[in-house]
Structure formats: C-alpha cells, structure tokens
Amino acid sequence: MDSIRIRGGVALQGNVCIQGSKNAALPILAATLLTGDSSLLKNCPRIADVYAMVSLLKSLGCTVNWQENGIEVDSSRVRRGKMQSEAVKGMRSSLCLLGALLGRCSEVAMEHPGGCCIGARPIDLHIYALEQMGVDFWCEDGMLRATADRLHGAGIVLPKPSVGATENVILAGVCAEGDTILEGAAREPEITALCGYLKCCGAWIEGAGTERIVIRGGRSLYGTEFTIPADRIVAGTYLLACMGTGGSIFLERAPREEMGAVLEVAERMGGHFCSSDEGIYVQGPVRPRAVSRIETAPYPGFPTDLQSMALAVETLGEGESLIEETIFENRFRVVEEFRRMGACIEQVGERSVLVRGVSSLRGADVDAKELRGGAALVIGGLMAQGKTNVTGCPFIYRGYENICRDFRELGARIISV
Ligand code: UD1
C-alpha cells in the first residue's frame, strides 16, 4: 500500500467521522506507564504511529490489547531496559517516553528520536527542563541516557512553547517530589487531553491549556477509562479538502472549539460553516479565494500541521497568497510536487512561499516525503483534473486511519494500491 491513486475533479459531498487524535493518543499511551495499572483508552486511532508506540510499550513489559472501542494498556509489569531502536528512531513522539520512564523507573536509554523530516527538531528544551527536575543526561554508544536519583519539582521557564517538552515536564512532574511550576508552556489541546487523562488517574494538575501549568507531584496514580478526543488536524485536513474541491460535507465529531484559526482562514477562502455538538457542516466555495497571508503559530494560532493543506487549496486561489512557516523549517518540500501539478509557487525566503493561484491543476505523479505534506498532496490530487499517483504513502498512514476510505465516503475517486 505504498501509493494512492486519485481521479480528481469531484466536489466532496457527504459525512465523515473524525478519528481520535494522534497527538493526544501518543503521550497518553506513554502516560499509562506511570499508573502501574490497567487503563482503557477509547477512540484510540489505529494508525502507524500508535502501532509503533504500542510496540515500544510492549518492549517495556506492558500488556496491550486492542478492543472494539479502544485499547487497553496494563503497565503493572514494566521492566527497565532499552527500547526498540527502530521504533524510537522512526517516531518523534517516542520522546514523551523520556518523561514517563523517568517517572516510572528513574532511568532511560534511547536512540535519538526520529519522526518526520520537517526540520532540525532539537531536544534541548526537553533536556533543559528535565535537568531542572534532577535528571542527569549523557550520551554513550550513540544512545541518549538519563537517570534521576531523586526526581523533584522545580520552577521551569520554557523559552519557546514546545509541545513535547511541556508533555515531558508534566509526565515527570506528576511523579516528582513536590510542586513543579512550568511557565511558557505550550497550550495545545493535546496537552489538555494528557492532563485530563492524568487527572482521571489521580494526578493534581492545574492550568492545562494555559502558559502556566502547576503540577503537584508524588500522588499515587491508578488506571482509568478515558476517551481520546477527536483529531483537529484530521478534521482540518478534510475541511481544507472541501475548500479546495468545493462541495459540502459534514465533519462528524470535529472539535469546533479547537479549530478557530483554521475556520477563520477557511472562511477567508470563501467557505461557510455551521457547527453543533455533533460536528461541523462545511460549504466550500466554487473557487477558493486567496488569503493574502497565512502564518503558522503555536496554538491557538494556525497549526503548522495544516500549513501544507492550506497551501494546496491556495494553488487554485483567486489571487496571491503568502504562506509563512514559523515552526518547522522543512515544511516546503511539497512545493516541488505541487509544481508538477501545474501550481505556481515561488519560494520568497527560507520560511515563506508566494502562491499565485492558477485556474486548474493537472494530475501528476508526486511523492509524499512526510506525513502532513503527503496528506496535502492527496488534497492536490482531489483538486486536480485527471489522474494523480501519490507515492510514499506510509508517511500518510502514520497519522490517518484510512484517508482513502474517508474521501471515498465523501464521493472522491481514490484508492490505495
Ligand atoms: C508536536 C506535534 C507536531 C506539531 C508540533 C507543533 C506531537 C506528537 N507532535 O511536535 O505534530 O507539528 O508539536 O505544533 O504532538 N524545539 C526546540 N527545542 C526542543 C523542542 C522543540 O527548539 O527541545 C522547537 C522545534 O524545532 C519547533 C518548536 O520548538 O521549532 C516547536 O516544536 P514542538 O512543539 O516541540 O513540536 P513537537 O512536540 O516535536
């Protein structure tokens, strides 16, 4: 299933149910390590990154069982040890095992975590923050090693709102002695979800979703049942696909309150929306308007994970759109692929591109080089006239349960081969 074939030019119509959130599920799966008990995570997405995390948890001694409505993780018999190198190298979020394992076993040995090649993705903030809590780091035989004889609370100020570093401080903080006060924390909803799970397990955390999070450590934690929230990035992907192709769709379970910045941009593209507790009804424009400037920013700003999809829509925008990427420097690897489809895109700086909308895209052979860029190419294929073949699709399956099925439900002509 390396490729996705699309015959484009169909306006999307119908209903699609939004899967559970990848970026919430991964740190919550890591957090199950802290309970030494069994947790049921409902609505956990069945995606490659979750399978990789599950395999890491198993390699650490957890018992994991998929059930019809979720996944059960029992971490009562966790053993210290080295994590599977391949899974760590391939997945950036294996990094949140750092905080979780320090909390559970006081030591970690892992390869440098991988993930999508969308930028340098340093880990200095994780190390800086955890060092304040009594963790010693060193490198040995190419491995990152960390121990904490006594994990303790601390006052930590993050100079940049890193999602992963915030999660690691929370994971270590709930097990540390004393209080941790984290300033400059990331505010992404997935952090609120992680704190929601930990609070259900008995942890004391205040301020999730704000820049200042206070964690009272040392409480004993127990297993729980928790529902992974819907994925705002998947919902945003399908919403932007509707902006690019026209038509009208209903995004069942889409988390409206987390999608303000995306809906604002989509509205400026000419979209119309109506939301309820059940989801968001989306009406796409006949032809999208160019939004003069789209700039990514930490939450609640426009998400970097949806930048490539917005770029896809703007290839057909009426006018010019400047797209600025402020979080990850390598997000423009899709540009070359869109040019193959006839898009007019000029790189105007290391982190900006100017998109001059054309009246139509033509189908082409394109290659996905990372997860979100890959999903954007699928949208490009849906918008284009004729046949598109997207290769490199294993990247896409890291984050989308079944993107072809979902788009087929919306009337698209798309198959994975
Ligand atoms: C998470 C998300 C990813 C999303 C990103 C930004 C998960 C599994 N992944 O990634 O989908 O695109 O947030 O919303 O939740 N940085 C440093 N030093 C560090 C850590 C980060 O300089 O130690 C920089 C990064 O290079 C980047 C910025 O901080 O420029 C934000 O990165 P961060 O929020 O940490 O992203 P991730 O947690 O890796």
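Any read-out appearing in this document is the output of simple, stated calculations on the displayed coordinates, not a laboratory observation. Remember, it's a predicted structure, so these values are computed and weren't measured experimentally. Methodologically, a virtual Cβ is constructed for each residue, glycine included, from the backbone with ideal geometry; neighbour enumeration extends over all protein chains shown.
Where both bridge residues fall in the stretch 275-417, DSSP classifies roughly 55% of the beta bridges as antiparallel. Extension gain, Arg216 to Thr391, is 58.3 nm, computed as 0.36 nm per intervening residue step minus the present C-alpha separation. Can you give me the long-range amide H partners of Gly9? Hydrogens built in the peptide plane at 1.01 Å from N, cutoff under 5 Å, separation of 5 or more residues or another chain. Close amide H contacts, sequence-distant or interchain: Met383, Ala384. Each stretch of four or more DSSP H residues adds -39500 (n - 2.57); spread over every residue of the chain, this sum gives -9000 deg cm²/dmol at 222 nm. Need one word for the stretch 271-417: rounded, prolate or oblate. Basis is the Cα gyration tensor (sqrt eigenvalues a ≥ b ≥ c); a/c below 1.5 gives rounded, then a/b vs b/c decides. Because its axes are fairly even, with a/c under 1.5, the stretch 271-417 counts as rounded. In a reduced charge model with +1 at each Lys and Arg Cβ and -1 at each Asp and Glu Cβ, the chain shows a dipole moment near 900 debye about its Cα centre.
Computed packing ranks the peptides 359-368, 26-35, 268-277 as 26-35, 359-368, 268-277, most packed first, by mean other Cβ atoms within 10 Å. The long axis of helix 22-31 is offset from the longest Cα principal axis of the chain by roughly 10 degrees. Across the stretch 266-276, coupling constants 3J(HN,Hα) worked out from phi with the 6.51/-1.76/1.60 Karplus curve, θ = phi - 60°, read 5, 5, 5, 6, x, x, 10, 9, 8, 10, 9 Hz, and Gly and Pro carry x. Applying a DSSP loop filter and a limit of 11 other Cβ atoms within 10 Å to the GluC sites (Glu not before Pro) in the stretch 331-398 leaves Glu350. One decimal place: the segment Glu350-Phe273 gains 24.3 nm when fully extended, by the rule 0.36 nm per residue minus the C-alpha distance. Using the Cβ-Cβ distance between Arg293 and Cys105 with R0 set to 45 Å, the FRET efficiency from 1/(1 + (r/R0)^6) comes to roughly 0.40.
On full extension, the segment bounded by Glu206 and Thr227 gains 5.6 nm, given 0.36 nm per residue less the C-alpha separation.
Once you order the gyration tensor axes a ≥ b ≥ c over the Cα atoms, which shape class does the chain get: rounded for a/c under 1.5, otherwise prolate or oblate by comparing a/b with b/c? Cα axes put the chain in the prolate bin. Looking only at Val50, Val234, Val286, which one moves most when the chain is put into a Gaussian network model with springs between Cα atoms under 10 Å? For the chain, modelled as a Gaussian network with Cα springs under 10 Å, the answer is Val286. Ser3 label point, 7 Å along Cα→Cβ, cut-off 19 Å on backbone N: hits in the stretch 387-407? Within reach of a label on Ser3, which here means backbone N under 19 Å from a point 7 Å along Cα→Cβ, the stretch 387-407 contributes 387-397, 403-405.
Under a 5 Å amide H cut-off, with hydrogens placed 1.01 Å from N, Asp365 pairs with Asn389 among residues at least 5 apart or on other chains.
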